[in-house]
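Read through the structure below, which is laid out as structure tokens, and then see the notes.
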Amino acid sequence: MFGIGLLACRRGITHEKRFSGEYDETPMTTPRTMRIHSVATYYRILDALVRAGFGAVMRPRTIGKATAERLMLAVTQVNGCRYCSYLHTRLALRAGVEGDETRALVAGNLQAAPRAEHTALIFAQHVADTEGQPDAEAFEHVLAEYGPQATHEIMASIRAILIGNIYGLAFDALLFRLRLRPVDGSGLWRELAILVGSAVWGPVVVLRALAWRALHRRLPPRDEVLALDGPPRAHVPHVSGSV
């Protein structure tokens, strides 16, 4: 599924560059500038995303689709995935984000975004910088400003695009390798473990998520968002197996 989407985006990027030049500001990766993420990082974020559920990604009812797309563009700007930049630029426009604001977000300028979203966007870049492991104080600040449900949706959007970024960068790394221009710090095993290994590891991730939810059911909203989305240092109360 990811692979088909990347091929479609790659074709679209080539078409845009050839006929319009509209997306010259899209972050482009090279073997020397590409950001490298470990296989462990990819599966750690994937595990957290599946455990928290995809509902908040598909239906961000509290923050809204436009805000979710802004968050995804902010994260993508940090990681430099051209496929995610191409796709989510279009999705942001479709969600109602103005063209000038979209271009600013792609370039890393958050000032054009609504002021009420600045904290969330800065936090999104922080999560991207730390590879999905935000500082506990930063997380608590977002939780206090936006509340449990919005924070859950913010983290869901960030994790979803991190997965897309890492997958897209691994795909590009493999393309460079096939052109005999291997990416510094990236090995063939890493690229294949991310691109192909998802099909093998996916069922394990789902089973782990179901087991986690069975052990942590009926938590109050704030405790639930801490358990699902908070960094390891965030306080999570002990939960017994009884209902």
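Arg32 - would you say it is charged (D, E, K, R), part of a loop (DSSP other than H, G, I, E, B), touching a residue at least 60 places away in the same chain (Cβ under 8 Å) and more than 21 Å from Ile122 (Cα to Cα)?
For Arg32, the condition - charged (D, E, K, R), part of a loop (DSSP other than H, G, I, E, B), touching a residue at least 60 places away in the same chain (Cβ under 8 Å) and more than 21 Å from Ile122 (Cα to Cα) - is met.
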Inter-residue pairs, beta-carbon under 7 Å, first among the small types (Gly, Ala, Ser) and in segment 189-218, second in a helix (DSSP H, G or I), 6+ apart: Ala193/Val39; Ala209/Val50; Ala209/Arg51
Test: residue in segment 134-148 that is under 24 Å from Val106 (Cβ atoms) and among the β-branched types (Val, Ile, Thr): yes
Yes/no for Ala128 being in contact with a His (Cβ under 8 Å, 6 or more places away or on another chain) and in a helix (DSSP H, G or I): no
Number of positions in segment 139-169 that are small (Gly, Ala, Ser) and out of contact with any helix residue (DSSP H, G or I) (no Cβ under 6 Å at 6 or more places or on another chain): 3
Ala92, sole failed condition from (1) over 17 Å from Arg35 (Cα atoms); (2) surrounded by fewer than 22 Cβ atoms within 10 Å (Cβ to Cβ): (2)
Condition met for Leu91 (assigned to a helix (DSSP H, G or I) and either among the hydroxyl-bearing types (Ser, Thr, Tyr) or farther than 30 Å from Arg217 by Cβ (or both)): yes
Members of segment 96-112 that are touching a Ser or Thr at 6+ places or on another chain (Cβ under 9 Å) and under 20 Å from Met155 (Cβ atoms): Leu105
Leading residue by the ranking (surrounded by the most Cβ atoms within 10 Å (Cβ to Cβ)) among those in segment 46-68 that are modelled with pLDDT of 95 or more and assigned to a helix (DSSP H, G or I): Ala68
Filter pass, Thr119 being surrounded by fewer than 22 Cβ atoms within 10 Å (Cβ to Cβ), among the β-branched types (Val, Ile, Thr) and touching a helix residue (DSSP H, G or I) at 6+ places or on another chain (Cβ under 7 Å): yes
Pairs with Cβ under 8 Å, 6+ apart, first in segment 104-115 and closer than 17 Å to Arg82 by Cα, second surrounded by fewer than 17 Cβ atoms within 10 Å (Cβ to Cβ): Ala104/Gln111; Ala104/Ala112; Leu105/Ala112; Val106/Glu25; Ala107/Glu25
Helices (runs of 4 or more DSSP H) fully within segment 135-243 counting 2 or more residues that are at pLDDT below 80 and either under 21 Å from Leu49 (Cα atoms) or under 17 Å from the mean Cα position of the chain (by Cα) (or both): 197-215, 221-229
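The values are calculated or read from the model by the stated rules, or taken from the named source; none is laboratory data. The model shown is predicted, which means the values in this text are computed figures rather than measured ones. Positions of Cβ are generated from backbone atoms using ideal geometry, with glycine treated the same way; all protein chains shown enter the neighbour counts.
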